[in-house]
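Please treat every number below as a calculation from the coordinates, not as lab data. Computed from a predicted structure; not experimentally measured. Here the Cβ positions follow ideal geometry from the backbone for every residue, glycine too, while neighbour counts run over all protein chains shown.
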Amino acid sequence: MITLVLGGNKSGKSDFALDVLAKGPKPCLFIATGKAKDLDFRTQIQRHRITRGPELEVAEVSEGLPQTLRQAKLDFPAVVVDSLDYWLFACRETGCEEDKVAELLAVLNEWNDTELVLVSCEAGLGPLPGGREIRAFIRSLGALNQGVARAADQVFLIAAGLPLTLKQG
């Protein structure tokens with residue numbers, strides 16, 4: 001089963017995804033895609049590590065998410081990815097966005113057995129971003145979220161810590 005958890009920044013989507021994962025089979029793998037580039041984000045990542053607990057194995061990836069998912073599927077009955085927006089940004093930075101998005105969607109369309117929870121920002125809910133690069137990223141993220149939602153069995157939007165069911169399969 002594939003579950004997509006969408007929401008704004010600090011909406012509670014990561015906590016919701018971890019709750020979904022906690023109800024699934026064990027052992028679980030947490031795939032983190034965010035790379036700390038400043039002190040504030042390093043502190044946030046450290047807080048996440050502490051609250052996840054030592055029993056949850058963690059893998060940190062950049063644009064290699066599709067390959068990591070293929071391997072995780074063989075080794076773990078449950079996997080969470082937090083988050084697709086950071087992953088997409090890493091792919092844009094390295095110039096491999098189009099190929100990696102196609103590869104990820106292919107992995108998801110072949111997914112079976114392993115419980116997979118994907119977290120992503122739903123970034124198009126706010127004001128229109130001013131810069132061309134930011135608008136391009138928002139368009140790409142929107143397209144990625146739509147592609148993942150099509151492949152997902154269930155989709156939730158988290159607002160103010162509350163889940164709204166968008167798709168139930």
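Here GLU98 and LEU74 are evaluated by their C-beta separation; at R0 = 25 Å the FRET efficiency comes out at 0.40. The order of the peptides 5-14, 77-86 by mean Cβ neighbours within 10 Å, most packed first, is 77-86, 5-14. Counting Lys +1, Arg +1, Asp -1, Glu -1, what net charge surrounds ALA59 among other residues with beta carbon under 12 Å of its beta carbon? Once all neighbours under 12 Å are counted, the net charge is -4. Between ALA22 and ALA106, the distance separating the two model label sites (each 7 Å from Cα on the Cα→Cβ line) works out to 3.7 nm. The antiparallel fraction among DSSP beta bridges confined to the chain stands at about 15%. What GluC sites (Glu not before Pro) does region 62-135 have in DSSP loop regions with at most 10 other beta carbons within 10 Å? Those that pass, being in a loop and sparsely packed, are GLU110. A helix-only calculation puts the chain at -15000 deg cm²/dmol for mean residue ellipticity at 222 nm, using -39500 (n - 2.57) for each DSSP H run of at least four residues, averaged over all residues. Amide hydrogen proximity for LYS167: with H placed 1.01 Å from N in the peptide plane, the residues at 5 or more positions away or on another chain lying under 5 Å are VAL155. One decimal place: the segment ASN9-ARG150 gains 48.5 nm when fully extended, by the rule 0.36 nm per residue minus the C-alpha distance.
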